[in-house]
Amino acid sequence: MDKSERGREYILNHLAGIFHTGVFSQRQGECVSYEESPAYNPVYNNEALRRMLTDSADAQREPVLIRDGFHMIYICVREGRRSSLSDSLPADQGNVYYMMGPLSMQVMSRTERHRFYHFYGIEEKWEKGLHYHTLMEILQIAGMFAKIITGQEYTDQELMDANYRVVDSVGEKREQAWFDIRSEDEDIYRHSYQEERRILDAVKEGNVEEAVRLSKDMDSNIGRLGKSELEHWKNLSIVAATLCARAAIEGGVMPAAAYRLSGFYINKCTACEDVAQILIYRNHAVEELAKRVREQKEKRHTSSYTEQCKDYVYRHYREKVYLDDIADTLGISSSYLSRLFRRETGISLQDFVNDVRVEKAANLLIYSEETLPGIAEYVNFPSQSYFGKIFKQKTGMTPKQYRELHKPAEFYGKEGFGQNKDK
């Protein structure tokens, strides 16, 4: 064994210990373990599982992730490529495969654990507890494992895309929800307000890479927001998109643009039935909102006339806003102000007025129990129907849909919020 092989063996031995799972290599059908006692491990004991992993690794360039019927993930990385000299050999004879697993995606009860080991024919005396890992942690483990074996680097996105339609060990398509969280485990993971604030500050500053990185890092420490894993990630993604939209507005993005973008991804997450795809949508929402802030900051500053015009609208949005009145206040012609405002903001003054009114209405929908006609009147839309039309143009939802989606639970009364008020 040369120095490089000894170095790799040293790393693989430590990987097995760090992640409390098995690490194996297979060449010409011979399986070698890098953990001390592999007798508990299905990869080591089950040739059919290894065959599934190696066959899958032959079929794609990226590392393979396979989930069995017990919500366990197994990783397989093929070292090198088959050369012309080995093309005549069976795949298993011409390649070296490195495997890792099982990595548990649920906190298992003793009964569930026994059922898992029994399925793979492992004696009860070898049964051991399995550490829980989130999906994002497993993707990072797979990326690091591939880097060690092949030297290639893969992003979380690339790994999710490559393994999106993976077939599990019982030969059926992957279930839509990865696993259910038991109620007694709801308080295992918590994050701090400071961690959340760092993400929002990164969005507000237009720091795209940092915002996405912090969002992924916090996934493993987040509190449970649903009874099932699917519900948890949907809720978490909705919260993330909503908070990041507000941070983007603080960073200078027009409210209508921020709400429109966050609303788009919220709707995508709500309709999605796949955890991995929900995470993709969530990451895209954070990334896009931070990008909008960055783009806004890179634009040249608007003139003082435009800024004074915006300030006037924010102070008088509950009244009728006339271009002539603002121009008279600023001491310039209305035609010049109209051209200047459109050139520097990309929208007309009336569109900006509607943006501000929709922004104020959105807050009232969430944090008040006022009726829809009452809110329309308060922000000075001429009618409830016109209010509904403009609000849907700006947010992609009717006022009632927006209220139902975003209103915090504590605002709902014992008999339910706003019964018959919004009809």
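The values are calculated or read from the model by the stated rules, or taken from the named source; none is laboratory data. Just so it is clear, the structure is predicted and the values come from calculations on it, not from any experiment. We place every Cβ from the backbone using ideal geometry, glycine too, and count neighbours over all the protein chains shown. SASA here: full protein model, heavy atoms, side chains in, ligands and nucleic acids out. Shrake-Rupley method; radii C 1.70, N 1.55, O 1.52, S 1.80 Å.
Both numbers refer to the Cα atoms of the range 283-367; Rg and Dmax are 14.8, 46 Å. Taking 20, 406, 232 and ordering them by how much accessible surface each has at a 1.4 Å probe, largest first, produces 20, 406, 232. In order along the range 63-68, the phi-based Karplus estimate (6.51 cos²θ - 1.76 cosθ + 1.60, θ = phi - 60°) of 3J(HN,Hα) comes to x, 9, 10, 10, 10, 8 Hz; Gly and Pro are listed as x.
With 23 Å as the limit on Cα-Cα distance, the pairs of 320/394; 227/360; 291/389; 227/268; 297/389 that go past it are 227/360; 291/389; 297/389.
Cα centroids of the range 351-388 and the range 310-344: 21 Å apart. Charge tally for residue 102 (other residues, Cβ to Cβ under 10 Å; Lys, Arg +1; Asp, Glu -1): 0.
Multiplying the sequence separation of residue 14 and residue 348 by 0.36 nm and subtracting their Cα-Cα distance, what value in nm do you get?
On the way: separation 334, 0.36 × 334 = 120.24 nm, distance 6.20 nm.
Between residue 14 and residue 348, full extension yields an extra 114.0 nm.
Computed 3J(HN,Hα) for the range 35-40, one whole-Hz value per residue from the Karplus formula 6.51 cos²θ - 1.76 cosθ + 1.60 where θ = phi - 60°, is 10, 5, 10, x, 4, 7, glycine and proline marked x.
When the surface is traced with a 1.4 Å probe over the full set of protein chains, residue 147 keeps roughly 90 Å² accessible. Taking amide H as placed 1.01 Å from N in the peptide plane, the amide H of residue 370 sits under 5 Å from none that are at least 5 places away or on another chain.
Taking every C-alpha pair closer than 8 Å and separated by at least 6 residues, the mean separation divided by the residue count of the range 353-410 gives a relative contact order of 38 percent. Taking amide H as placed 1.01 Å from N in the peptide plane, the amide H of residue 22 sits under 5 Å from that of 101, each at least 5 places away or on another chain. Taking all C-alpha pairs of the range 244-307, those more than 13 Å from each other amount to 63 percent. Once phi is turned into θ = phi - 60°, what whole-Hz ³J(HN,Hα) does the Karplus curve with 6.51, -1.76 and 1.60 give for every residue of the range 285-297, x standing for Gly and Pro? In residue order, the calculated couplings are 4, 4, 5, 5, 5, 5, 4, 4, 5, 4, 4, 5, 5 Hz.
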